[in-house]
Amino acid sequence: MKVEQFYNKNQFVIRGENKTVFQSYNSEIAEINNDTGKLKLGCDWDYSKTTTKHLYLFLNDFKRILNYETREEIDNLNTVSNKRAYIQKLIDSKVIEYDENMI
């Protein structure tokens, strides 16, 4: 397992165990399965403007390991005016998995 600081002192990327995880403070915000490219968001994904800002950076920096469908949707993220609503739409349509127990 490898832990790297990500843009800010309280933001981390953790690589290992066949997944890439974005952690903000003590909360797991996002997880990418390195085999399937599936993206999962935790319950704190939209906790604050800073958290969502770093989530968008994580998605952009690591989109190469996302599956094709999710990567295409993440590419569209830069063209929408309300990114939070767009991500929620992707969760609602099951393009992105949501795990309320991911902490």
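No value in this document is a laboratory result; all are computed from the given coordinates. Because the structure is a prediction, the values reported are computed rather than measured. Every residue, glycine as well, gets a Cβ built from its backbone with ideal geometry; the counts of neighbours run over all protein chains shown.
Structure values in brief
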read-out: The stretch 25-50: number of residues that are farther than 22 Å from ARG71 by Cβ and of a type outside the set (Asp, Glu); value: 8
read-out: Index of the failed condition, THR52 passing every other in (1) over 14 Å from ILE103 (Cα atoms); (2) touching a His at 6+ places or on another chain (Cβ under 8 Å); (3) of a type in the set (Ser, Thr, Tyr); value: (2)
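Residue by residue, here is whether (1) without any contact (Cβ under 8 Å) to a residue 60 or more places away in the chain; (2) among the hydroxyl-bearing types (Ser, Thr, Tyr); (3) under 22 Å from TYR86 (Cβ atoms) holds:
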{"site": "GLY16", "(1), (2), (3)": "yes, no, no"}
{"site": "GLU31", "(1), (2), (3)": "no, no, yes"}
{"site": "LYS40", "(1), (2), (3)": "no, no, yes"}
{"site": "LYS53", "(1), (2), (3)": "yes, no, yes"}
{"site": "PHE58", "(1), (2), (3)": "yes, no, yes"}
{"site": "LEU66", "(1), (2), (3)": "yes, no, yes"}
{"site": "THR70", "(1), (2), (3)": "yes, yes, yes"}
